[in-house]
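Encoded as structure tokens, the structure appears first; notes follow it.
The values are calculated or read from the model by the stated rules, or taken from the named source; none is laboratory data. Treat the numbers as computed from the prediction; the structure is a model and nothing was measured. As a convention, Cβ positions derive from the backbone with ideal geometry for all residues, glycine included, and neighbour counts pool all protein chains shown.
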Amino acid sequence: MHYVSTRGESPQKRFTEILLGGLMDDGGLAMPESYPAFSRADLDAMRGMDYRQLAFAILSRFADDIPADDLRALIDRTYTPEVYCNTVSGSDARDITPLYTLEPGLHVLELSNGPTLAFKDMAMQLLGNLFEYALAKDSAELNIFGATSGDTGSSAEYAMRGKRGIRVFMLSPHNKMSRFQTAQMFSLQDPNIFNIAVRGVFDDCQDMVKAVSNDLAFKSSYRIGTVNSINWARVSAQVVYYFKGYFAATRSNDDEVSFTVPSGNFGNVCAGHIARMMGLPIRHLVVATNENDVLDEFFRTGVYRPRATAETLHTTSPSMDISKASNFERFIYDLTGADGAHVKALWSDVDRGRAFDLSESSLFPRVASEFGFQSGTSNHAHRIATMRLAVERWGRAIDTHTADGLKVALERRETDVPMIVLETALPAKFSETVLEALGSEPVRPAGMESLESLPQRFEVMDADVNAMKAYIADKVGQGAG
């Protein structure tokens, strides 16, 4: 398997060559030269597999330059009931991603049983083990530079804390995450973890990550890598739970399902798109946004119009408070038929803060007809009402982002196709809004009862790329961590 850039101007690379990096040399995102295809016979063989077996069957196609025995060992060490044990719903931790049925044909796929109670753990725990494996081969070091709107940061830090040869520099928007999310990150005292609260919104943080990744000299000199969903390894690991959810919700590989995915940066639903391209029988991929509805606007109108910092709203589903969806470039690359020059031209406008319009293009009708995308949006009143509905009708407490997903799923579900809503996080991460909706605090897993009272360690900085480079250089130069 070889990887190319969405912008068409980087040399081909293997999985282990892109594993530790972020952007390709031309500023684009890594994509497989072609998607592995699973036949009906393959799906029949996979239907009875457990999560670890499925992960190996899928990831061995993407990471074929890692010896099979090594990859299997990394997967087996990652996906264990001991790691994914925060099942406050009472589900069986051995299932890793249990399917919870609300009613016939309507399901929630539990993805938040990992150490930080968010779906990001599904890929990030594997990424931590992959990074450590790759670095150990060369006795090398890696300085991870990432951005988070709430959940990526803690998932990355919990996956990388104490890992040999790894430091984590994580940017987050200052005072824009929930108190639980903030405490989960900032309370970590591990010397290889550096939290930086940026005066701005998530997109400002993400822009700095991309700017540093595009400085090839700095990136090389300071061994900069990323764990954001621009990292292909992370997206490919997320493909696995789409297969797991499909098999759990169906009896035959003749059946189709639809998935509704709460989305801000388009990474999670991009993994679903990849699964569909690989042959998983998915009828629709429904993108659910909050008030920051850049993606919904595109799927309705064909216009992709990233918002400026001042236009990005702070909402009660803060992990989706994103107005520049990095992984969207991967889908547009597929939509254009792998036309890197076309993608580069479109993103030259995006990178300047401009919109692009495909509404009159022959490409736009294919978004729904060929790729199965639909969308919808939700706001604070919707998510409060949906959180109440989930408890009153189905006895299921959900978080704010999953509520956005469920609200849109109820609008888009079809009577003959099972609808699976991807869970984003446990309600405990957003207790203030859960209290508003339900009148009581959400259940917390053992050991997290007083998280917000722990001492916190972080820096507050402006959205200044040069200052950020100097900070990283200083910490690396000191040998911190």
* Asked: Restricting to segment 207-237, what's the tally of residues that are more than 26 Å from Gln478 (Cβ to Cβ) and of a type in the set (A, V, I, L, M)?
  -> 4
* To do: Go through segment 331-407 and tell me which helices (runs of 4 or more DSSP H), entirely inside it, have 2 or more residues that are touching a strand residue (DSSP E or B) at 6+ places or on another chain (Cβ under 7 Å).
  => 340-350, 364-369
* Asked: Right, Met387: surrounded by 13 or more Cβ atoms within 10 Å (Cβ to Cβ), modelled with pLDDT of 95 or more, in contact with a helix residue (DSSP H, G or I) (Cβ under 6 Å, 6 or more places away or on another chain) and within 18 Å of Ser178 (Cβ to Cβ) or not?
  -> yes
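Okay, residues lined up against (1) of a type in the set (A, V, I, L, M); (2) farther than 20 Å from Thr433 by Cβ; (3) under 24 Å from the mean Cα position of the chain (by Cα):
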| residue | (1), (2), (3) |
| --- | --- |
| Trp347 | no, yes, yes |
| Arg352 | no, yes, no |
| Asp357 | no, yes, no |
| Ser362 | no, yes, no |
| Val367 | yes, yes, yes |
| Ala381 | yes, no, no |
| Leu389 | yes, no, no |
| Gly395 | no, no, no |
| Asp399 | no, no, yes |
* From the residues in segment 350-404 that are without any contact (Cβ under 8 Å) to a residue 12 or more places away in the chain and hydroxyl-bearing (Ser, Thr, Tyr), which one is farthest from Ile420 (Cα to Cα)? -> Ser362
* Asked: Given the residues Leu216, Leu285, which is the only one that is in contact (Cβ under 8 Å) with a residue 40 or more places away in the chain and surrounded by fewer than 24 Cβ atoms within 10 Å (Cβ to Cβ)?
  -> Leu216
* Residues located in segment 408-428, provided they are of a type in the set (Lys, Arg) and in a loop (DSSP other than H, G, I, E, B) -> Arg413
* **Scan of segment 449-474 for residues that are among the aliphatic types (A, V, I, L, M) and without any contact (Cβ under 8 Å) to a residue 60 or more places away in the chain, ordered by number** => Ala467, Ala470
* Asked: Of the residues Val240, Val261, Val257, which is within 27 Å of Val350 (Cα to Cα) and touching a residue at least 60 places away in the same chain (Cβ under 8 Å)?
  -> Val261
* At least 2 residues that are surrounded by 24 or more Cβ atoms within 10 Å (Cβ to Cβ) and hydroxyl-bearing (Ser, Thr, Tyr) in each: list the helices (runs of 4 or more DSSP H) lying fully within segment 112-201 that qualify. => 152-160
* Filter segment 174-199 for residues that are in contact with a strand residue (DSSP E or B) (Cβ under 6 Å, 6 or more places away or on another chain) and within 23 Å of Glu311 (Cβ to Cβ) and give the result. => His174, Ala197, Val198, Arg199
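From the list Glu370, Glu392, pick out the single residue that is within 30 Å of Pro442 (Cα to Cα) and out of contact with any Asp or Glu (no Cβ under 7 Å at 6 or more places or on another chain).
One residue alone meets the criteria, Glu392.
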* Long-range neighbours under 8 Å by Cβ, at least six apart or interchain, first residue under 20 Å from Glu449 (Cα atoms) and at pLDDT below 90 within segment 65-94, second among the aliphatic types (A, V, I, L, M) and not in a helix (DSSP H, G or I) -> Asn86/Leu117; Asn86/Leu426; Val88/Leu426; Val88/Val443
* To do: Could you identify the single residue in Val261, Val227, Val235 that is out of contact with any Cys (no Cβ under 7 Å at 6 or more places or on another chain), β-branched (Val, Ile, Thr) and under 23 Å from Phe15 (Cα atoms)?
  => Val227
* To do: Check whether at least one residue in segment 96-108 is out of contact with any Pro (no Cβ under 7 Å at 6 or more places or on another chain), on the phi > 0 side of the Ramachandran plot and either free of Cβ contacts under 8 Å to residues at least 24 places away in the same chain or buried (at least 17 other Cβ atoms within 10 Å of the Cβ) (or both), and report yes or no.
  => yes
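Kindly establish whether Asn265 is in a loop (DSSP other than H, G, I, E, B), polar (S, T, N, Q) and buried (at least 24 other Cβ atoms within 10 Å of the Cβ).
yes
I'd like to check something: does segment 129-139 contain any residue that is aromatic (Phe, Trp, Tyr) and either more than 24 Å from Phe62 (Cβ to Cβ) or without any contact (Cβ under 8 Å) to a residue 40 or more places away in the chain (or both)?
no
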* Asked: So, of the residues in segment 317-350 that are polar (S, T, N, Q) and touching a helix residue (DSSP H, G or I) at 6+ places or on another chain (Cβ under 9 Å), which turns out to be nearest to Val209 (Cα to Cα)?
  -> Ser326
* From the options Asp474, Asp404, Asp464, Asp416, residue that is among the charged types (D, E, K, R) and buried (at least 23 other Cβ atoms within 10 Å of the Cβ) -> Asp404
* Do we have Ser431 as in contact with a Ser or Thr (Cβ under 8 Å, 6 or more places away or on another chain), within 21 Å of Asp321 (Cβ to Cβ), assigned to a strand (DSSP E or B) and not acidic (Asp, Glu) here? -> no
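Residue by residue, here is whether (1) modelled with pLDDT of 95 or more; (2) under 27 Å from Leu99 (Cβ atoms); (3) under 13 Å from the mean Cα position of the chain (by Cα); (4) not acidic (Asp, Glu) holds:
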| position | (1), (2), (3), (4) |
| --- | --- |
| Ser221 | no, no, no, yes |
| Ala237 | yes, yes, yes, yes |
| Lys244 | yes, yes, no, yes |
| Ala248 | yes, yes, no, yes |
| Asp255 | yes, yes, no, no |
| Ala275 | yes, yes, no, yes |
| Pro281 | yes, yes, no, yes |
